[in-house]
Amino acid sequence: MESRRARSGRRARPSRRRPLLSTALATVAVLGATAGGTVYVKAQAHSGEGAVSSSFAEPSASASESADGGVSVESVAAPEVDYDALLAGAMKSVTVPDTAKVSVAVLDMDSGDGATYGSAAFDTASIVKVDILATLLLQAQDAGRHLTATEKSQATSMIENSDNTSASELWRTIGKAEGLDAANERFGLTHTEGGDDMLWGLTQTTAADQLTLLQQVFGDDSELSEASRTYLRSLMGQIAADQHWGVSAAADGSSWALKNGWLARSTTGLWDINSIGRVASGGRTYLVAVLSKGNATQAKGVSLVEAAAKAAVSALTDDTGS
């Protein structure tokens, strides 16, 4: 358990219609094509009858008659899918208590489709421990060194067991908020700010920023080396059994890697409950970040986060399936 203190799109592949020929053994002559995708095709029947036009158009296309009676066909792009709207629709099935707020971000790593629900800032609680370790690894890369045995031991306890003492030691090692913020600028986190002094659990962040951080850990285009990413992923895949909750609820079986955060605010008695990670569902891989605050109890916060994670994955899964 953590301390009660702060230390704690995808477009369906269009079917191609077979060109319709009004007579057999027609001679087809392609008379012209524009750079913008306009194709003009004329088929001349051997019977001596007039020209017969045939279009090799995608389902979404516009056609106009040319001066000599042929048909000019211009391709029209399929409409973009509004994934944010899909996610917002999926979140309508999630019951959010009056005192609570929740924000979600999700990315389909296979297609690149993603969505965000909510843009407010939240306390990180212990999900910041992923950011702390990512910062440490980046700093070690810059210095051309490996982590020390002590740092590795602290990193393992911090991620797998959510140990606060280890997190505080590594927070000092990276230079506290100043070090975290400098690394996050390179990682692309634009709305995350490290907590004051030793209050790392009160680092402020957004779901969208946490999704960006997950891309640094699980993606290929990253400031972190392959060795650093592999190391962090392995720790997130070996979380202690009592912390097997959160975004893992959206995964098939044990196909997940995560870090959770939970913090009871002394000022309100309400709980911050967060979860970030990678899950596999339906043969696809997703990055999911769920942040929440104002939960009456830890258990209710966990239920809210898990319901939001399932809704987020379903929003992209349902679209892919259709």
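Annotation for segment 291-303: at least one member residue is more than 18 Å from Gln210 (Cβ to Cβ), in a helix (DSSP H, G or I), aliphatic (A, V, I, L, M) and open to solvent by 20 Å² or more (accessible area, probe 1.4 Å).
Among residues belonging to segment 97-155 that are assigned to a helix (DSSP H, G or I) and among the basic types (Lys, Arg), point out the one that is most open to solvent (accessible area, probe 1.4 Å). Of everything passing the filter in segment 97-155, Lys152 is most open to solvent (accessible area, probe 1.4 Å). Number of residues in segment 190-215 that are open to solvent by 10 Å² or more (accessible area, probe 1.4 Å), within 14 Å of the chain's Cα centre (by Cα) and of a type outside the set (Gly, Ala, Ser): the value is 4.
Counting the residues of segment 102-137 that are charged (D, E, K, R) and out of contact with any Phe, Trp or Tyr (no Cβ under 7 Å at 6 or more places or on another chain) gives 4.
Summed over segment 150-189, the residues that are of a type in the set (Val, Ile, Thr) and under 17 Å from Leu138 (Cβ atoms) give a count of 3.
Could you tell me whether segment 128-147 includes any residue that is of a type in the set (Gly, Ala, Ser) and closer than 25 Å to Val302 by Cβ? So far as segment 128-147 goes, yes, one or more of its residues are of a type in the set (Gly, Ala, Ser) and closer than 25 Å to Val302 by Cβ.
Anything in segment 258-277 that is small (Gly, Ala, Ser) and either modelled with pLDDT under 95 or surrounded by fewer than 24 Cβ atoms within 10 Å (Cβ to Cβ) (or both)? List them, or say none.
Within segment 258-277, Ala264, Ser266, Gly269 meet the criteria.
Among the conditions (1) modelled with pLDDT of 95 or more; (2) surrounded by fewer than 19 Cβ atoms within 10 Å (Cβ to Cβ); (3) in a loop (DSSP other than H, G, I, E, B), Gly253 misses just one, which is (1).
Taken residue by residue, segment 234-241 has no member that is under 21 Å from the mean Cα position of the chain (by Cα), open to solvent by 60 Å² or more (accessible area, probe 1.4 Å) and hydroxyl-bearing (Ser, Thr, Tyr). In segment 230-248, is there at least one residue being within 24 Å of Ala143 (Cα to Cα) and in a loop (DSSP other than H, G, I, E, B)? Taking every residue of segment 230-248 in turn, none turns out to be within 24 Å of Ala143 (Cα to Cα) and in a loop (DSSP other than H, G, I, E, B).
Within segment 158-169, the set of residues being under 18 Å from Leu263 (Cα atoms) and either assigned to a helix (DSSP H, G or I) or touching a Leu at 6+ places or on another chain (Cβ under 6 Å) (or both) comprises Met158, Ile159, Glu160, Asn164, Thr165, Ser166, Ala167, Ser168.
Among the residues of segment 304-317, is there at least one that is modelled with pLDDT under 95, touching a Gly at 6+ places or on another chain (Cβ under 6 Å) and part of a helix (DSSP H, G or I)? Yes, some residue in segment 304-317 is modelled with pLDDT under 95, touching a Gly at 6+ places or on another chain (Cβ under 6 Å) and part of a helix (DSSP H, G or I). Take the residues in segment 216-230 that are surrounded by 14 or more Cβ atoms within 10 Å (Cβ to Cβ) and of a type in the set (D, E, K, R); name whichever of them is nearest to Asp108 (Cα to Cα). Checked segment 216-230; the qualifying residue nearest to Asp108 (Cα to Cα) is Arg229. Counting only residues that are touching a Lys or Arg at 6+ places or on another chain (Cβ under 9 Å) and aliphatic (A, V, I, L, M), segment 156-189 holds 4 of them.
A residue that is part of a strand (DSSP E or B) and on the phi < 0 side of the Ramachandran plot occurs somewhere in segment 205-226.
The values are calculated or read from the model by the stated rules, or taken from the named source; none is laboratory data. Bear in mind the structure is a predicted one, so any value in this text is a computation, not a measurement. In this analysis, Cβ positions are derived from the backbone assuming ideal geometry, glycine residues included, and neighbour counts consider all displayed protein chains. All accessible areas refer to the heavy atoms of the entire protein, side chains included, with ligands and DNA or RNA removed. Shrake-Rupley method; radii C 1.70, N 1.55, O 1.52, S 1.80 Å.
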